[in-house]
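Asks: Following this message is one structure expressed as structure tokens.
The values are calculated or read from the model by the stated rules, or taken from the named source; none is laboratory data. Quick caveat: nothing in here was measured; it's all calculated off a predicted structure. So basically every Cβ, Gly included, is an ideal-geometry build from the backbone, and we count neighbours across all protein chains shown. Areas reflect the complete protein model, heavy atoms only, side chains present, ligands, DNA and RNA absent. Shrake-Rupley method; radii C 1.70, N 1.55, O 1.52, S 1.80 Å.
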Amino acid sequence: MKNLFIAIFLVAFSITATAQDKMNKTVKTVALEQTLGEFTQQSLTLKEGTYVFNVTNTNAAPEVGLVLVEAGKDANNAKNHIADAYVTKMVKHGETQSSKEVTLTKGTYKYFCPFNKTPQYTLVVE
């Protein structure tokens, strides 16, 4: 009976700790603006953490998006894209759309828009 009590306590403690970790997670927002052929933010340096990318289309193209890939990986291969960084809906003229939450670890990444034909810009996570 004592072992059953200890097991129940450990499970309850584990569930509580996991819930608190999720509640304490800070999600930061990164605002990106696209104009014709480019992002106005042409490099980014961020701290490790969880981010949501807000992408604004300022007369860049009828619809724009965001691709984020680890540096050194083939950006033309969609399997290498960080899919949660895609905007959840294509961004039309004058609109802003957001990505899902993306957890970034230390390293270098590239971001670009294939629809607006932007260059690949550097995002460094320290």
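Asks: Looking only at the stretch 48-60, filter to residues that are surrounded by fewer than 17 Cβ atoms within 10 Å (Cβ to Cβ) and more than 14 Å from residue 98 (Cα to Cα); which one of those is nearest to the chain's Cα centre (by Cα)?
Replies: 49
Asks: Give me the residue from the stretch 61-90 that is touching a Gly at 6+ places or on another chain (Cβ under 7 Å) and more than 14 Å from residue 123 (Cα to Cα) and, out of that set, surrounded by the fewest Cβ atoms within 10 Å (Cβ to Cβ).
Replies: Selected residue: 90.
Asks: Under 13 Å from residue 87 (Cα atoms), out of contact with any helix residue (DSSP H, G or I) (no Cβ under 8 Å at 6 or more places or on another chain) and in contact (Cβ under 8 Å) with a residue 40 or more places away in the chain: which single residue out of 63, 48, 38 fits that description?
Replies: Answer to the check: 63.
Asks: So which of 76, 3, 80, 57 is modelled with pLDDT under 95 and not aliphatic (A, V, I, L, M)?
Replies: None of the others qualify; the one that does is 3.
Asks: Taking only pairs six or more apart or across chains, which ones have beta-carbon atoms under 6 Å, a first residue in the stretch 108-126 that is within 9 Å of residue 38 (Cβ to Cβ) and touching a residue at least 60 places away in the same chain (Cβ under 8 Å), and a second residue that is in a strand (DSSP E or B) and open to solvent by 60 Å² or more (accessible area, probe 1.4 Å)?
Replies: 118/38; 121/43
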